[in-house]
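**Q** Sending over a structure as structure tokens; questions will come in a sec.
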Amino acid sequence: MTFFAYGYLQAQVDVNELRVRVGALDATGGPVVVEEPVDTLHNFPPDLIPQDGSAVCFSIYDGPGRRGAQYLLSDLDFAPDADIGLPTQALQRLKLLTCLLNHLLAIPGVRRLAIALTDFDEIERIAHVSAGELERTIAEDCSNYTPPNVLYVCDLP
């Protein structure tokens, strides 16, 4: 079991400006957003892989120095004294993830957010959702199976 959260932000503005804004996100005591090359968008359909250099590709990790999103995407509740670097309750961690995604969507100049929440990079379905539907859709999908193995695509006007 290897859980991953990865995707990209496509820019309406200069991609370097977007890159700076993503890099400035505060990761104190929570998950981190790490910029990645475009070839890390494993199993994305070709038509959803940014080709023109207008995107910042990234992974979301459980915390600084960690790889993957094992705890962030787990549906297990851990003992209150567990030292996982994140909230011990699964619903709190899911809320943390969706809040982070909402912060990414709120960055000025973002045209599209594409985010895959997967077990070992497996994408079974693509969901096109609005910014207002993203949190609810992820929560519903995760209530059925976590991680949901879904690529969420959210285009902004």
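The values are calculated or read from the model by the stated rules, or taken from the named source; none is laboratory data. Computed from a predicted model, the values in this text were never measured in an experiment. Here Cβ is always computed from backbone atoms with ideal geometry, including for glycine, and neighbour counts include all displayed protein chains.
**Q** Tally up the residues in segment 88-145 that are among the polar types (S, T, N, Q), within 19 Å of Val32 (Cα to Cα) and over 13 Å from the mean Cα position of the chain (by Cα), please.
**A** The number of residues fulfilling the criteria is 3.
**Q** Do you know which residues across segment 88-104 are buried (at least 18 other Cβ atoms within 10 Å of the Cβ) and either hydrophobic (A, V, I, L, M, F, W, C) or farther than 24 Å from Gly132 by Cβ (or both)?
**A** Within segment 88-104, Ala90, Leu94, Leu97, Leu100, Leu101, Leu104 qualify.
**Q** Please list, ordered by first then second residue, the pairs with beta carbon atoms under 9 Å, 6 or more apart or interchain, first in segment 94-111 and within 12 Å of Leu72 (Cβ to Cβ), second crowded, with 17+ Cβ neighbours inside 10 Å and hydroxyl-bearing (Ser, Thr, Tyr).
**A** Note: pairs meeting the criteria are Leu94/Thr146; Leu101/Tyr152.
**Q** I need the full set of residues from segment 33-85 which are aromatic (Phe, Trp, Tyr) and within 24 Å of Val20 (Cα to Cα), in order please.
**A** Passing the criteria: Phe58, Tyr61.
**Q** Something else: Quick check on segment 92-113. Is at least one of its residues in contact with a Phe, Trp or Tyr (Cβ under 7 Å, 6 or more places away or on another chain) and either outside any helix (DSSP H, G or I) or closer than 15 Å to Tyr6 by Cα (or both)?
**A** no
**Q** In segment 30-54, which residues are exposed (fewer than 13 other Cβ atoms within 10 Å of the Cβ), under 26 Å from Leu94 (Cα atoms) and without any contact (Cβ under 8 Å) to a residue 40 or more places away in the chain?
**A** Passing the criteria: only Pro37.
Residue-by-condition table, conditions (1) modelled with pLDDT under 95; (2) at negative phi:
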| site | (1), (2) |
| --- | --- |
| Asp39 | no, yes |
| Asn43 | no, no |
| Ile49 | no, yes |
| Ser54 | yes, yes |
| Cys57 | no, yes |
| Tyr71 | no, yes |
| Ser74 | no, yes |
| Asp83 | yes, yes |
| Gln92 | no, yes |
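**Q** Still on this structure: Considering each of Leu73, Leu18 in turn, give the residue that is in contact (Cβ under 8 Å) with a residue 40 or more places away in the chain, over 20 Å from Val150 (Cβ atoms), of a type in the set (A, V, I, L, M) and buried (at least 21 other Cβ atoms within 10 Å of the Cβ).
**A** Only one candidate passes the filter, namely Leu18.
**Q** Another question, if that's okay. For segment 114-143, what are the residues that are part of a helix (DSSP H, G or I) and surrounded by fewer than 20 Cβ atoms within 10 Å (Cβ to Cβ)?
**A** Answer for segment 114-143, where residues must be part of a helix (DSSP H, G or I) and surrounded by fewer than 20 Cβ atoms within 10 Å (Cβ to Cβ): Ala131, Gly132, Glu133, Glu135, Arg136, Thr137, Ala139, Glu140, Asp141, Ser143.
**Q** Could you grab the pairs with beta carbons closer than 6 Å, sequence gap of 6+ or different chains, first residue in segment 114-142 and farther than 15 Å from Gly7 by Cα, second one modelled with pLDDT under 95 and among the basic types (Lys, Arg)?
**A** none
**Q** Would you mind telling me which numbered condition in (1) exposed (fewer than 13 other Cβ atoms within 10 Å of the Cβ); (2) within 14 Å of the chain's Cα centre (by Cα); (3) of a type in the set (A, V, I, L, M) Ala79 fails?
**A** (2)
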